[in-house]
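Here the structure comes first, spelled out in structure tokens, and everything after it is commentary.
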Amino acid sequence: LTAYRFLSPTVAIVATLFYAVLPFDLTVFRRSWQESFIALLSVAFLALAAEIARTRAGRRTVYVAAFTTLGALALSTKPNCGIAFLLCAGGLTLHLLWKRERGAAAVVACCTAVAVLVDVAVLAALFGSLSRYLTLERAFVHFSAINPYDLEFAAGPAWMYPAALFRVCPVVVLGALTGFA
């Protein structure tokens, strides 16, 4: 629906077809609910960012508030969601600066910072302090190799994924590269 609204019906159809054969979701089908939730949040961030960029200055408040709230919830839910949120926020801020709307860009940047600070405050409250949380994160890196969850679902180093994706479905990769171009 987002591709249909902001781009064109053709792009929406192609995006739906690519999503139907997305190798990542097919390879991690045991975690499909989690990954689908992240994908849904990512698309929601894209839709809200596009709506903020397109809406006039007076009506942006609701969309920016929704974007910030969803960003804080996403950061608190799963750190991977933060990647899409921060990329959309950064892209939106650059877009608004490009359009010479410095006030709106500053609002988006400040709201993004507020969402990150809310996430840090929630983590600090849950773990007793921010230093305890950071200590736990640093220690987890050393224990993840023997973590049963990691042993069950890990597929290897991240740098191998693009090569495997190209070997499994070169048409999708070439189509995505053409789309990016």
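The values are calculated or read from the model by the stated rules, or taken from the named source; none is laboratory data. Quantities reported herein were computed from a predicted structural model and do not represent experimental measurements. Methodologically, a virtual Cβ is constructed for each residue, glycine included, from the backbone with ideal geometry; neighbour enumeration extends over all protein chains shown. Just the protein is used for accessible areas: all its heavy atoms, side chains included, with ligands, DNA and RNA removed. Shrake-Rupley method; radii C 1.70, N 1.55, O 1.52, S 1.80 Å.
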Legend entry - Pick from the stretch 88-113, criterion in contact (Cβ under 8 Å) with a residue 24 or more places away in the chain, over 16 Å from Val62 (Cα atoms) and under 20 Å from the mean Cα position of the chain (by Cα), ranking: surrounded by the most Cβ atoms within 10 Å (Cβ to Cβ): Cys88
Inset, instruction - Output the qualifying pairs, or none if there are none: Cβ atoms under 8 angstrom, residues six or more apart or on different chains, first residue in the stretch 61-80 and over 14 Å from Glu51 (Cβ atoms), second residue β-branched (Val, Ile, Thr) and not in a helix (DSSP H, G or I). - result: none
Legend entry - Among the residues listed as Leu75, Leu123, the single one being within 18 Å of the chain's Cα centre (by Cα), part of a helix (DSSP H, G or I) and surrounded by 15 or more Cβ atoms within 10 Å (Cβ to Cβ): Leu75
Inset, instruction - Restrict the check to the stretch 44-60 and report whether at least one residue is hydroxyl-bearing (Ser, Thr, Tyr) and either on the phi > 0 side of the Ramachandran plot or part of a helix (DSSP H, G or I) (or both). - result: no
Inset, instruction - Take the residues in the stretch 115-141 that are in contact with a helix residue (DSSP H, G or I) (Cβ under 6 Å, 6 or more places away or on another chain) and among the β-branched types (Val, Ile, Thr), then tell me which one is modelled with the highest pLDDT. - result: Val118
Legend entry - The lone exception for Arg31 - which of (1) modelled with pLDDT of 75 or more; (2) over 16 Å from Ala115 (Cβ atoms); (3) open to solvent by 30 Å² or more (accessible area, probe 1.4 Å); (4) touching a helix residue (DSSP H, G or I) at 6+ places or on another chain (Cβ under 7 Å) it fails: (1)
